[in-house]
1. Under a 5 Å amide H to amide H cut-off, with H placed in plane at 1.01 Å, what residues pair with residue 28 once short-range neighbours are removed?
2. Just how large is the dipole of the chain about the Cα centre, in debye to the nearest 20, putting +1 at every Lys and Arg Cβ and -1 at every Asp and Glu Cβ?
3. Order of 144-151, 264-271 by packing, highest average Cβ count within 10 Å first?
4. Quick one: length gained pulling residue 11 to residue 140 fully straight, 0.36 nm per residue minus the C-alpha distance?
5. Carbon-plus-sulfur fraction of the accessible area of the chain, 1.4 Å probe, in percent?
6. How far, in nm, would the chain grow between residue 286 and residue 112 when pulled straight, counting 0.36 nm per residue and subtracting the alpha carbon separation?
7. Taking θ as phi - 60°, what are the ³J(HN,Hα) couplings along region 40-54 by the Karplus curve (6.51, -1.76, 1.60), each to the nearest whole Hz, with x for Gly and Pro?
8. Only helical DSSP H runs with n ≥ 4 go in: add -39500 (n - 2.57) per run for the chain, normalise by residue count and round the 222 nm mean residue ellipticity to 500 deg cm²/dmol.
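The values are calculated or read from the model by the stated rules, or taken from the named source; none is laboratory data. Predicted model, so just to flag it, every value in this text is computed and none were measured. Heads up, the Cβs are rebuilt from the backbone with ideal geometry, glycines too, and the neighbour counts pull from every protein chain shown. Note: areas computed on protein heavy atoms with side chains; ligands, DNA, RNA excluded. Shrake-Rupley method; radii C 1.70, N 1.55, O 1.52, S 1.80 Å.
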Amino acid sequence: MPVLISPAEREYIINGVDHNIRADGRGRLDYRQIVVETGLISQASGSARCRLGEGTDVLVGVKVEVGQVDMEGDDEVIRERKSKRGRVICNVECSPIASQQFAGRGADDFNNELTQTLDRVLNGPQGGLNLEKLCIIPGAQCWVVNIDALILDYAGNLLDMVFITTRAALHNTKVPKTIITETEDGLEFDFSDDMEDAERIEGWENVPTAVTLSKIGSRHVVDATPLEELTIDARLLVTVNKDGKICGVQKGGSGSIEPSLLNEMIQTGGTIGQHVIQKLDEQLEREEKEASKKTGSVGKLGFFAAI
């Protein structure tokens, strides 16, 4: 990835964005093509891989296992709430071969930033997943949802792809049916061996996706390329669910965003995010119907998220 950009290149990109013509022919609010594959990792409970154009490539695996409920916390009310909920553990790692910026110690900080962003959304009040349904025995056992994302290649717009791939992987994830019985020693549980009884995690459809809006000059764009990212004054990460409701907003970059432009960027992020989720879910449903006819096949699908 280039670390420097000439004044002529910067002016070319800024002027192009101002006239709604980007270097690759897209408009300001156009995504590159997104190609999705699901069910690639046989040992995982669910998995997905998404490629953005000819560049950014993200693989997400979800592993569901039984663990202890989280009882940590100084507040008794918080501990009581946690004792009746399952857990979601996120980890994002950038492969050093994906980009030069992921090599060396600097990659650890970047990995932590991506992990914290994903974890903050999925474990927050707007995360979508019904964590209470993941509790098996209150105060004892629960389902632990481990989400591991690996960045295989990089060509910009990383966070958006991590969220889109995670949503597709959660759609592909199945949890075994739990059978709870009461004995003299208390509650005990067992699992159904019939995979037909396995169910998706309740609330996966409410998991938000992310739209990164980058301020370039006096305008903003979505799905910035690495070269465009070098001209960004500020960026705004907007997380939105399938109903178009804003779940979170996070500002990045050293530049400022005027209040009027800030409102416009948030509204744009909500509209585009809802559109992306709609297109993704349509393709996932179509793939599921095709997979039911061809057992064991891995579906490959693509869609444009242009507004």
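1. Long-range HN contacts for residue 28: none found.
2. About 1000 debye.
3. 144-151, 264-271
4. So the extension gain works out to 40.5 nm.
5. Roughly 47 percent of what the probe reaches on the chain is carbon or sulfur.
6. Residue separation times 0.36 nm, minus the Cα-Cα distance, leaves 59.2 nm.
7. The phi angles translate into 8, 9, 5, 8, 9, 6, x, 7, 7, 9, 10, 10, 9, x, 9 Hz.
8. -9500 deg cm²/dmol
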